[in-house]
1. Would you pick out the residues in the range 328-342 that are closer than 14 Å to Gly382 by Cα and surrounded by fewer than 16 Cβ atoms within 10 Å (Cβ to Cβ)?
2. Which is outside any loop (DSSP other than H, G, I, E, B), crowded, with 21+ Cβ neighbours inside 10 Å and more than 15 Å from the chain's Cα centre (by Cα), of Val190, Val159?
3. Here is a list: Thr312, Thr244. Which entry is surrounded by 17 or more Cβ atoms within 10 Å (Cβ to Cβ), of a type in the set (Ser, Thr, Tyr) and not assigned by TED's automatic domain parsing to the domain that holds Ile74?
4. Identify all residues within the range 177-187 that are touching a Lys or Arg at 6+ places or on another chain (Cβ under 8 Å) and either free of Cβ contacts under 8 Å to residues at least 12 places away in the same chain or more than 7 Å from Leu317 (Cβ to Cβ) (or both); write none if there are none.
5. Residue by residue through the range 265-310, note down the ones that are charged (D, E, K, R) and assigned to a helix (DSSP H, G or I).
6. Only one of these conditions is not met by Leu306: (1) assigned by TED's automatic domain parsing to the domain that holds Val366; (2) under 20 Å from the mean Cα position of the chain (by Cα). Which number is it?
7. Mind telling me which of the residues Glu431, Glu422 ends up being surrounded by 15 or more Cβ atoms within 10 Å (Cβ to Cβ), of a type in the set (Asp, Glu) and modelled with pLDDT of 75 or more?
8. Could you tell me how many of the residues in the range 345-378 are free of Cβ contacts under 8 Å to residues at least 40 places away in the same chain, buried (at least 18 other Cβ atoms within 10 Å of the Cβ) and not in a helix (DSSP H, G or I)?
Amino acid sequence: MSTPAVNKLRVLFVDDEAPIREVMKNELPRMGHDATICEDGRAALEVLEKHTFDAAIIDLRMPGLSGWDVVEHIKRVAPETEIIISTGHGNMDDAIRALRSGAYDFLPKPVKLVTISNVLQRVAEKRSMVNQKIALEVQLTAVQGARDLVGSTAAMQRVKKLIERIAPTESSVLILGETGTGKELVARRVHDLSNRANMPFVAVNCGALPENLVESELFGHRKGAFTGADAPRKGLIEVANGGTLFLDELGELDKSMQVKLLRFLESGEVRRVGENEAFMVDVRIVCATNRDLQEMVEEGKFREDLFFRVNTFEIHLPALRERKEDIPELATALIARHLKRRTISEDFLTPEVIELLKNHHWSGNVRELANALEHAVIMAAGKALTVDDLPASIVGRNRKSAKSSTGSFTRIDGAKTLREIEMDVIHQCLEKHQGDKPKVAQELGISLKTLYNKLNQNTNSAAAS
């Protein structure tokens with residue numbers, strides 16, 4: 001049985017004794033690891049200029065450059081490499097020096113193969129724990145919505161059943177839905193119900209990665225690979241090894257990165273920027289987008305082969321306006337999370353507030369609802385929420401639509417004026433570009449001055465309502 005990629009290490013073995021090198025050339029791969037064998041210190045330094053290793057087993061006493069020289073070089077160029085020192089001339093002073101230099105272990109010769117195998121297994125376990133720590137740090141820096149899939153409508157029940165069906169498999173998943181519907185939450189649920197639940201979940205927002213650093217962020221780089229690469233770095237794909245890699249906003253990747261991502265999905269191999277040698281990584285891929293990838297394929301903006309690769313199984317998330325009956329339950333969960341409580345009292349949301357929330361269009365979906373409720377909780381200062389605690393933009397629009405008796409015409413309940421539709425489009429665009437008004441004006445085909453006028457008119461209208 002082959003060793004899972006999550007336990008497979010890239011091992012550098014350095015020893016001047018030919019018989020030992022020959023044995024390890026065969027035995028390290030038999031243990032399930034990728035082995036690079038060097039006969040002396042100078043050969044090891046040449047290899048280290050091109051490749052990165054998870055572990056290095058180094059003999060101390062060698063002609064020319066000693067094992068200590070190799071150790072010092074590794075500490076400078078690849079500090080994440082675990083150093084295992086092995087020597088037939090070892091003494092207590094060498095052991096103490098090895099530990100002080102940061103070596104992972106010190107093995108006096110002759111060393112049994114089972115001992116080497118056990119040491120490398122511990123290195124693999126440590127590497128897995130480091131990856132999980134990095135993945136946790138990535139999660140903690142991300143903006144997260146509600147932690148559970150909340151909703152009892154038929155639309156949400158379908159989503160939950162699909163997740164339960166697909167999660168235990170290894171199939172790739174494509175989550176489709178508008179911005180703010182909770183696509184990352186669905187991806188996390190797929191991970192939590194999978195056989196990889198105890199391994200890292202790494203979320204990557206493809207649209208937020210700097211264009212010149214996308215490859216480095218995903219695949220990693222070696223020290224000196226480009227200007228600013230002052231230290232080697234693991235890519236997020238490698239960090240997710242053994243777990244789930246969630247690629248959000250997949251449609252934002254440019255064509256060159258689509259090719260590299262496809263190559264990884266087909267081979268399972270990762271090649272860090274600046275390195276020649278690839279290594280295997282075992283991850284499950286879950287992707288998400290609010291764009292129509294099929295349409296992008298037809299327009300030549302997205303690779304068809306990549307689309308088929310990530311689209312093994314689709315989950316469509318409904319917009320919040322399509323499941324308004326879930327709003328009371330969802331609002332309660334969001335408020336409880338914001339207040340860091342398990343539950344809140346039933347009278348915390350008044351019937352008037354609930355009715356207003358259910359009548360709003362929610363172009364920003366659950367994310368917009370969460371922001372509106374956070375605003376309301378701050379304004380309420382610990383009391384039950386009232387309509388006046390909600391943002392003026394929401395209260396103004398919904399009160400205006402309710403004034404059928406004082407207007408010049410009677411509107412059908414739920415219908416929108418042209419002005420409201422226009423503002424919905426503007427707010428969606430503002431969210432898409434993270435408030436960058438020049439970009440919004442450019443996409444809408446209007447001047448920046450016109451955009452400001454429309455926003456000011458909307459603010460004045462809301463205040464006057």
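1. Passing the criteria: Ala336, Leu339, Lys340, Arg341.
2. When all the criteria are applied, what remains is Val159.
3. Working: Thr312 fails: surrounded by 17 or more Cβ atoms within 10 Å (Cβ to Cβ).
On inspection, the qualifying residue turns out to be Thr244.
4. Of everything in the range 177-187, those that are touching a Lys or Arg at 6+ places or on another chain (Cβ under 8 Å) and either free of Cβ contacts under 8 Å to residues at least 12 places away in the same chain or more than 7 Å from Leu317 (Cβ to Cβ) (or both) turn out to be Thr179, Gly180, Leu185.
5. So in the range 265-310, the residues charged (D, E, K, R) come out as 266, 269, 271-272, 275, 277, 282, 284, 291-292, 295, 298-299, 301, 303-305, 309.
Of everything in the range 265-310, those that are charged (D, E, K, R) and assigned to a helix (DSSP H, G or I) turn out to be Glu266, Glu295, Glu298, Glu304, Asp305, Arg309.
6. (1)
7. Numbers: Glu422 fails: surrounded by 15 or more Cβ atoms within 10 Å (Cβ to Cβ).
Among Glu431, Glu422, only Glu431 is surrounded by 15 or more Cβ atoms within 10 Å (Cβ to Cβ), of a type in the set (Asp, Glu) and modelled with pLDDT of 75 or more.
8. Counting residues in the range 345-378 that are free of Cβ contacts under 8 Å to residues at least 40 places away in the same chain, buried (at least 18 other Cβ atoms within 10 Å of the Cβ) and not in a helix (DSSP H, G or I) gives 2.
The values are calculated or read from the model by the stated rules, or taken from the named source; none is laboratory data. The model shown is predicted, which means the values in this text are computed figures rather than measured ones. Please note: Cβ atoms are built from the backbone with ideal geometry, for glycine as well, and neighbour counts cover all protein chains shown.
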